Amino acid sequence: MPPRVPFQPSLKPFTGSSYGQSPLARLSLNPSKTCMRAGSAEARERRRHDPFLISQSRQRKAANLSRRQALAEQRDGSVGDPIFGQSTPFVEELKIQPAGTGESYPNHYITPDELNRALEYSKSLAAPPENPNRATADPQLEKETAEQHLREHENAQEAINRIIDIKNGNTDDQMRLRIQKCIDTFGRHNTDQVLPPKPASVSENVHQSEKTPRVGPDTGSPEVQVAILTAKILNMSRHLEGTNKDKHNKRNMRLLVHKRQKLLRYLRKKERGGPRWQHLIETLGLSEASWKGEISM
């Protein structure tokens, strides 16, 4: 039961002084400061200037950060990196500039075989003619002429290789070459001849339909699209390493990662963990974190 406070109303007229104030009014004007709420301004001010409380808060923050780092390392060690995965020879080839093994690759939609045939044809066209009358021919002169022609051809070949090298191309040309490499590696027009078929299900044994023969290279299968998205993610990650405020490309990278996650889930469900799924995961170095659970960036 709250204590009773004697209240004596004053009947004196108000003269501008506080002589007739009641005890309740005096209590409301002078509140007690013996108890402060945890979130009040006085408590925050006291914590800000108290060395003991400051050291305690710093210790709690350091303990929380170390615990979060330990949990993140444990989670990454168990399921792997959801964006990049592990490093593989194929991924390393996608990271370097010419998208190959360090050799010279031609640009402008020219294949190495076409380039070699064109150089051999030009060499044969520019070859010095032989003297039909071998009795009057000078062997030393012909030898010197052939050596001079060979040196000129080597110089021309080196100049052509430098001009059409993929290293001189822009980012779109290099990305086009990486995409072509993904199509050649994971396209079903090539993998169907090497990989065994997926495990058969009951429904497939009951009803089997003939497949339409493939025309041209395979560019739309899920494994090809996953490889192309991985190449784009690696290319965009190199750009984001030097920029911290590019919010637009950060969102684009997040969209690519989640799109790849959906394709990986569909392919795993469709292939039932078969040889095609194993070939894709081992070649790209992807882990369970790339398709399982929620990916936060």
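Step by step: first the residues of region 276-297, then only those that are farther than 12 Å from Arg265 by Cα and open to solvent by 40 Å² or more (accessible area, probe 1.4 Å), then the one that is nearest to the chain's Cα centre (by Cα). Which residue is that?
Met297
Every residue, every condition in (1) at pLDDT below 90; (2) under 10 Å from the mean Cα position of the chain (by Cα); (3) surrounded by fewer than 15 Cβ atoms within 10 Å (Cβ to Cβ), yes or no:
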| site | (1), (2), (3) |
| --- | --- |
| Ile233 | no, yes, no |
| His248 | no, no, yes |
| Val257 | no, yes, no |
| Leu263 | no, no, no |
| Glu271 | yes, no, no |
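Quickly run through region 28-59 and pick out the residues that are among the polar types (S, T, N, Q), modelled with pLDDT of 75 or more, open to solvent by less than 100 Å² (accessible area, probe 1.4 Å) and in a helix (DSSP H, G or I).
Those that are among the polar types (S, T, N, Q), modelled with pLDDT of 75 or more, open to solvent by less than 100 Å² (accessible area, probe 1.4 Å) and in a helix (DSSP H, G or I): Ser55, Gln56, Ser57.
Could you check, for region 61-71, whether at least one of its residues is free of Cβ contacts under 8 Å to residues at least 12 places away in the same chain, farther than 30 Å from Ser290 by Cα, of a type in the set (A, V, I, L, M) and exposed (fewer than 10 other Cβ atoms within 10 Å of the Cβ)?
Taking every residue of region 61-71 in turn, none turns out to be free of Cβ contacts under 8 Å to residues at least 12 places away in the same chain, farther than 30 Å from Ser290 by Cα, of a type in the set (A, V, I, L, M) and exposed (fewer than 10 other Cβ atoms within 10 Å of the Cβ).
Would region 281-297 turn up any residue that is of a type outside the set (Ser, Thr, Tyr), touching a Pro at 6+ places or on another chain (Cβ under 7 Å) and not in a helix (DSSP H, G or I)?
yes
Name the pairs whose Cβ atoms lie under 8 Å apart, with the first residue in region 264-276 and at positive phi, the second of a type in the set (D, E, K, R) and surrounded by 13 or more Cβ atoms within 10 Å (Cβ to Cβ), and 6 or more positions between them or separate chains?
Pairs that qualify, where the first residue is at positive phi and the partner is of a type in the set (D, E, K, R) and surrounded by 13 or more Cβ atoms within 10 Å (Cβ to Cβ), are Arg272/Lys198.
With the requirement that a residue be open to solvent by 60 Å² or more (accessible area, probe 1.4 Å), in contact (Cβ under 8 Å) with a residue 12 or more places away in the chain and farther than 23 Å from Ile166 by Cβ, what does region 105-131 give you?
Lys123, Ala126, Glu130 - these are the residues of region 105-131 that are open to solvent by 60 Å² or more (accessible area, probe 1.4 Å), in contact (Cβ under 8 Å) with a residue 12 or more places away in the chain and farther than 23 Å from Ile166 by Cβ.
So for region 208-227 (the condition being of a type in the set (Asp, Glu), open to solvent by 40 Å² or more (accessible area, probe 1.4 Å) and more than 27 Å from His108 (Cβ to Cβ)), does at least one residue qualify?
There is at least one residue in region 208-227 that is of a type in the set (Asp, Glu), open to solvent by 40 Å² or more (accessible area, probe 1.4 Å) and more than 27 Å from His108 (Cβ to Cβ).
Of the conditions (1) open to solvent by 80 Å² or more (accessible area, probe 1.4 Å); (2) modelled with pLDDT of 85 or more; (3) in a helix (DSSP H, G or I), Val194 fails just one. Which one is it?
Only one criterion in (1) open to solvent by 80 Å² or more (accessible area, probe 1.4 Å); (2) modelled with pLDDT of 85 or more; (3) in a helix (DSSP H, G or I) is unmet by Val194, namely (3).
For region 132-190, which residues satisfy the criterion of being among the small types (Gly, Ala, Ser), open to solvent by 40 Å² or more (accessible area, probe 1.4 Å) and not in a helix (DSSP H, G or I)?
Passing the criteria: only Ala135.
The values are calculated or read from the model by the stated rules, or taken from the named source; none is laboratory data. Owing to the predicted nature of the structure, the values given are computational and were not obtained by experimental measurement. So basically every Cβ, Gly included, is an ideal-geometry build from the backbone, and we count neighbours across all protein chains shown. Accessible surface areas use protein heavy atoms only, side chains included; no ligands, DNA or RNA. Shrake-Rupley method; radii C 1.70, N 1.55, O 1.52, S 1.80 Å.
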